[in-house]
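Worksheet: the structure to be examined is printed underneath.
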Amino acid sequence: MAQTATELANLALLDIGQSPIDSIDESTHTAETCKLLYAQARDTVLAAALWFCAKRRSSLALLTETPAFGFTNAYQLPSDFLRLWDINGRNKDYDLDGDRLLIDDDYAQLIYIWKLTDVSKMHPWLVEAIRKKMAAELAKALTGDRNRRVELLNELQEVFETAASVNALMLPGGDTLYGSDWLDARE
């Protein structure tokens, strides 16, 4: 399993028949393209699913500025926030408004997906999903092969489905690993 961003990029390059790179930070067209696409692919895949390895808890800070309407309190979301998992231990009426959480509760304890950047701390299925997403984008950027991109996006969907099955044993109360909106929006 990949332990670094470079190793993950090389797996994605292999998926599209390209030669590996020595480092994602080297000054070659391929490495620069990998570096540019890696963070976007990583964050997109992280935000698309409830990954246990990227789960965090935080008690949010109440902001002094109250919402103009609809809710009584506003809380600052963490700077590494990517996706909401749970608020105050149960589903509540809330709204995400930019970098703020709007809610009527007098406290906000958030469980969320954070921007996990250390590949060595990622679950193998998360690494595989990032690999497929990155390979699909690299296929478009480096080879222009639209058919291979579509194939890789289909493989990505299969990875999500398998990861959802594996995660289902650990998820409480029938949560789902990923939302279909993201996969439905793909090309």
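Largest first, the extents of the alpha carbon coordinates of segment 52-114 on the three principal axes equal 36, 22, 15 Å.
Rounded to the nearest 10 degrees, the angle from helix 124-138 to the longest Cα principal axis of the chain is 60 degrees. Between the alpha-carbon centres of segment 123-171 and segment 1-65 there is a gap of 13 Å.
The order of the peptides 35-46, 57-68 by mean Cβ neighbours within 10 Å, most packed first, is 35-46, 57-68.
So what does log10 I(q)/I(0) come out to for the chain at q = 0.07, 0.08, 0.12 Å⁻¹, using the Debye formula with one equal point on every Cα and no solvent? Log-scaled intensity ratios, in q order: -0.24, -0.31, -0.65. Near ILE24, the amide H atoms lying under 5 Å from its own belong to THR6; only residues 5 or more places off or on other chains count, and H is placed 1.01 Å from N.
Could you pull out every one of the aspartates and glutamates with an alpha carbon less than 14 Å from that of LYS35, ignoring same-chain neighbours closer than 8 positions? List returned: GLU7, ASP22, ASP25, GLU26, ASP43, GLU137. The angle between the Cα long axis of helix 5-15 and the longest principal axis of the Cα atoms of the chain comes to about 60 degrees, rounded to the nearest 10.
All of the numbers you see were taken from the coordinates with simple rules; none came from a lab. The structure displayed is predicted, hence computed values, not measured ones. Cβ: placed from backbone, ideal geometry, glycine included. Neighbour counts: every protein chain shown.
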